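Only the coordinates and a few stated rules stand behind these numbers; no lab work does. Keep in mind the model is a prediction, meaning the values are calculated, not measured. Note: ideal-geometry Cβ built from the backbone for every residue, glycine included; neighbour counts use all protein chains shown.
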Amino acid sequence: MPERKKPKLAVFKFSSCDGCQLTLLDCEDELLALVGEVRISYFLEATRKVEKGPYDVSLVEGSITTPHDIKAIREVRRMSKTLVSIGACATAGGIQALRNFGSVKEFIRKVYAHPEYIDTLTTSTAVSDHVSVDFELRGCPINKYQLLEVLNATLNGRRPNIPRHSQCMECKANGVVCRMVAAGEPCLGPVTQAGCGTLCPGVNRACYGCFGPMETPNTASLAAALAAQGRSRDEIQRLFRSFNANSDAFRKEGDSHG
Amino acid sequence: MPGVDASNGAPAILDKDGLGQLIAALRTKGYRVVGPRSADGAIVYDDIDDIEDLPAGLGDETEGGRYRLRKRTDDVLFGYTLGAQGWKRFLYPPRQRLFAARRQGAGFQVEAEEGEEAPMAFLGPRACELAAVALQARVFGDKTFPDPGYQARLAAAFVVAVECGAAASTCFCASMGTGPEVTSGHDIRLLEIKGQRFLAEAGSDRGREILTGLSLSAPTAADLKMVAAARKAARAGQGRVLDRDTAAALQSMPDHPRWDDVAARCLSCGNCTMVCPTCFCTTVEDVTDLSGDHAERWRKWDSCFSVEFSYIHGGAVRTEAKSRYRQWITHKLSTWADQFGSSGCVGCGRCITWCPVGIDITAEVAAIAATRKGTQG
Ligand code: SF4
Ligand code: SF4
Ligand code: SF4
């Protein structure tokens, strides 16, 4: 019996820590089912076997930080039927987008013995700032169930069930007590998209905002509430400037507390 | 002191041991007992094994956007006002699988849901909370489209209500006519008076049956005086009032300037709807496995504060925070009456306490009421 033609899956990496693509390998129980449905054609972290494009589904991790990245991401787009960017780096520029708020020249001079070898852009930006993206999967790192859901939906030709509402709704559904209201902690949950599985509030820690801005983030109102808690402008700016510092909403809010 | 006979329904005194016996009796009868516990800096309703699980000597302080657990100077077991969330999550779980299906030829075969849930016994519902359960029972008891799951869980549940002996600054059940006295919806009602002693009364036959088996004593005149004082304090101590005339009229004010004002503060986070014991909106999600051969349909709590919630073919109809807040408060306080015959708010104040920015339903109504003075009769 000839093998059914399976869709080809590719995983690409740009500037990132590899945590998001590792999430795919982390799908231990589901991995066998996954390779039963797709053909892993390009995934350097998992296999040296490389197949040429085009690919049916490409997962792209990492942000665009060098002139070479810009060329490479265009090539990836050209070879991919469906392109899904995964993680805070690929969807917002990641923690390395903190460079966007400082002087890259200065950083390079301080960090590298031979700054002349370094060829980099002055910004770290999202994949969607350079090519069109079919779906952006948030998180630092992404959540494995959400990743499976996106793959699953893509393979089955339906829309992924990835809510864009606040982290608060997930906290409440999970019966987790609000860190902001009950402990007075500075929490980004109300302006952050749900999806992590309530990792931090679930262990009594306010949300850091790994999943980036929710659909309608009222960051100004949250910042005012944080100020009323006694947080300084600097603290508030730092809260917004982390993994998703360069997402539109968080960047603007952070900038306004300079 | 010799025990009293509770079978005639007369109020009796139940002490700490008696309460322990009550919990044990419910467990022996096969109930999963759910009651207050202290966890993560708040009172939450969770499974209770015995009386030691109850939050002795703990109270709560609430304000708009602020909740703090406090040590009390006494050792009362129900010295807090309300748990962080109500009983909704037990009667109406945040995620429910409606059905599973397997592909069969060109169609699919629906698989039966298996597994009986143990009946629950609720230890501690307050008057406002029972009023909320009654409101949701009406919503889910629609003649044409009842929710069998909700109805079955509620019918099986045994309710040991605990009346309030004090109120919080965010409470306003008195202005909604839903409390603080417990008048219906209970099998047993308790009121804690000093020293972990309770006035106990049956509200149903099964309540009477269970009470009869416990060691009870007759209330003294001093006990009854304390009961009356506690009821009075719970009424007098409420920190909020809702202007019900203005509340009912909200549906005639879609263009009120206050909506812009509140929209500037509202985070659209949905906390208010999640903690509200009467909010019932859900979304339905279909999921498939990777092969596409197996599908499930899930019902999940949703909120009128999410954009997706108002998605109708072609787009969302409530794209602005202003229209989402207006929808919530107008439905809750005004159009709910057209739909279900009463206000949708029971005055528990949870939406005030658990709003991260302290938006206060009573204050929003008061602000609108202030603009009506003089312009309307
Ligand atoms: S910081 Fe927020 S988004 Fe990140 S893991 Fe914690 S709760 Fe989730
Ligand atoms: S609207 Fe607020 S006060 Fe009224 S029942 Fe809901 S949570 Fe309680
Ligand atoms: S009123 Fe408060 S709790 Fe409700 S959505 Fe707005 S900010 Fe969130």
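Couple of notes before you dig in:
- Calculated [θ] (222 nm, deg cm²/dmol) that DSSP helices of n ≥ 4 give over chain B, each run adding -39,500 (n - 2.57): -8500 deg cm²/dmol
- By the beta carbon rule, with partners counted only under 4.7 Å, chain B holds these lone Cys residues: B:164, B:171, B:266, B:281, B:304, B:345, B:355.
- Axial C-alpha extent at least 15 Å, average Kyte-Doolittle at least 1.0 - helices from chain B (DSSP): B:127-139, B:361-372
- Among beta bridges identified by DSSP and lying wholly in chain A, the antiparallel ones come to about 20 percent.
- Calculated mean residue ellipticity at 222 nm for chain A: -10000 deg cm²/dmol, from DSSP H runs with n ≥ 4 weighted as -39500 (n - 2.57), summed, divided by the residue count and rounded to 500.
- Farthest toward positive dipole pole in chain A [+1 Lys/Arg, -1 Asp/Glu at C-beta], among A:184, A:226, A:126: A:126
- Number of partner chain Cβ atoms within 10 Å, mean per residue of B:258-270: 5
- Inter-chain neighbour count for A:179-187: the average number of beta-carbon atoms from partner chains within 10 Å of each residue's beta-carbon is 6.
- Here is the size of chain A from its Cα atoms: Rg then Dmax, 19.5, 69 Å.
- Between segment B:118-171 and segment B:328-376, the C-alpha centres lie 21 angstrom from each other.
- Three principal axis lengths of segment B:154-297 [C-alpha, angstrom, descending]: 62, 52, 26
- Over segment A:167-255, relative contact order from alpha-carbon pairs under 8 Å, at least 6 apart, %: 25
- Burial order of peptide ranges B:255-266, B:293-304 (average beta-carbon count within 10 Å, highest first): B:293-304, B:255-266
- Geometric extent, Cα atoms of the protein assembly as shown - Rg, Dmax (angstrom): 28.0, 94
- Sequence ranges B:126-138, A:41-53, A:173-185, ranked by mean other-Cβ count within 10 angstrom, highest first: B:126-138, A:173-185, A:41-53
- Residue B:252/residue B:313 FRET efficiency (R0 25 Å; Cβ-Cβ; nearest 0.05): 0.30
- Applying 1/(1 + (r/R0)^6) with R0 = 45 Å to the Cβ-Cβ distance of residue A:256 and residue B:28 gives a FRET efficiency near 0.15.
- Shielding of peptide A:212-221 by partners, expressed as the average count of other chain Cβ atoms within 10 Å per residue Cβ, is 5.
- In units of the compact-protein estimate 2.2 N^0.38 Å, segment A:167-255 shows a Cα radius of gyration of 0.98.
- Column: log10 I(q)/I(0), Debye, Cα scatterers of segment B:225-341, q = 0.16, 0.18, 0.22 Å⁻¹: -0.91, -1.05, -1.32
- Separation in nanometres of the label points that stand 7 Å from Cα toward Cβ, at residue A:75 and residue A:47: 2.1
- Neighbour-count order for A:58, B:291, A:132, fewest beta carbons within 10 angstrom listed first: A:132, B:291, A:58
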